[in-house]
Amino acid sequence: MSTPRYGIRARHTDTTVTVYQAYRPEIGIPAARDNRFPPAWKRDRMTWIKPSFLWMMYRCGWALKEGQETVLAVEITREGFAWALENAELSHYVRGLHPDRAAWSRSLRRAPARVQWDPERDLRLNPLPYRSLQLGLSGEASARYADEWTVSVTDVTPLAREIHHLVRAGDLDAATALLPRETPYAAPDGAPRPA
């Protein structure tokens with residue numbers, strides 16, 4: 001069976017969904033230590049969460065990019081994740097899906113969350129022919145994420161570095177064995193997608 005072009009694959013339970021973010025240590029270390037984002041984390045800024053571990057590795061360069069040296073696995077409530085998806089707008093205009101560009105633009109300004117579909121990545125961070133979700137949270141969604149939806153925050157930087165070491169050594173089987181297990185997640189009917 002082929003992988004759907006647009007689909008959410010995530011580590012999830014009956015009550016939670018795990019998403020990934022990368023921060024500078026001044027944010028990431030206290031967040032993992034205290035199981036909540038510190039005061040220095042700005043609740044009024046847009047924050048992007050990624051259910052795909054490998055897409056996060058692509059974005060942060062295996063925790064080697066400046067300002068993204070600490071990778072966090074943030075377990076949030078399924079209810080919160082669903083709320084964000086149901087109240088999101090696509091980050092780009094799609095002819096036929098939106099009445100017109102102006103209507104999409106108005107909807108995007110009002111939406112507390114935005115959906116972006118980016119190519120999933122393999123262990124060498126090469127693009128795959130299907131796309132994974134990035135979910136941008138702002139305003140009400142960002143505050144709810146930090147203060148209501150977060151169940152746990154875990155520093156997974158050592159895991160990222162271990163997998164990266166194995167990939168560089170050419171041991172892809174061992175690297176694959178360490179990857180978080182991500183399975184299809186059924187998005188609510190209201191979740192925006194291009195097709």
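Note on Glu86 and Thr154: with the Förster distance fixed at 25 Å, the Cβ-Cβ geometry gives a FRET efficiency of about 0.40.
Restricting the GluC sites (Glu not before Pro) of region 1-82 to loop positions (DSSP other than H, G, I, E, B) with no more than 10 neighbouring Cβ atoms within 10 Å leaves Glu66.
When DSSP assigns beta bridges and you keep just the ones with both residues in the chain, what percent turn out antiparallel, to the nearest 5? Could you put the intermediate results ahead of the total?
Working: 30 of 35 bridges.
Just about 85 percent of them are antiparallel.
Available extension along the chain between Arg45 and Leu125 is 26.0 nm, counting 0.36 nm per residue and deducting the alpha carbon span.
Charged neighbours of Ala169, selected by a Cβ distance under 13 Å, balance to 0 (K, R count +1; D, E count -1). Between Gly61, Gly136, Gly28, where does the largest GNM mean-square fluctuation fall for the chain, given springs only between Cα atoms within less than 10 Å? Of the options given, Gly61 has the highest mean-square fluctuation. In a reduced charge model with +1 at each Lys and Arg Cβ and -1 at each Asp and Glu Cβ, the chain shows a dipole moment near 620 debye about its Cα centre. Each Lys or Arg adds one and each Asp or Glu takes one away; over the other residues whose Cβ falls under 14 Å from the Cβ of Thr13, this sums to -1. Between region 120-165 and region 3-62, the C-alpha centres lie 4 angstrom from each other. Largest GNM mean-square fluctuation among Ser52, Ser91, Ser132, using the chain with Cα springs under 10 Å: Ser91. The helix-based estimate of mean residue ellipticity at 222 nm for the chain, built from -39,500 (n - 2.57) per DSSP H run of four or more residues and divided by its residue count, is -9000 deg cm²/dmol to the nearest 500.
Counting Lys and Arg as +1 and Asp and Glu as -1 over every other residue whose Cβ lies under 12 Å from the Cβ of Pro25, the net charge comes to -2.
When peptides 111-118, 122-129 are sorted by average Cβ neighbour count within 10 Å, with the highest value leading, the order is 111-118, 122-129.
Every read-out reported here was derived from the displayed coordinates using simple, explicitly stated rules and does not represent laboratory data. The structure presented is a predicted model; accordingly, all values stated were derived computationally and were not measured. In this analysis, Cβ positions are derived from the backbone assuming ideal geometry, glycine residues included, and neighbour counts consider all displayed protein chains.
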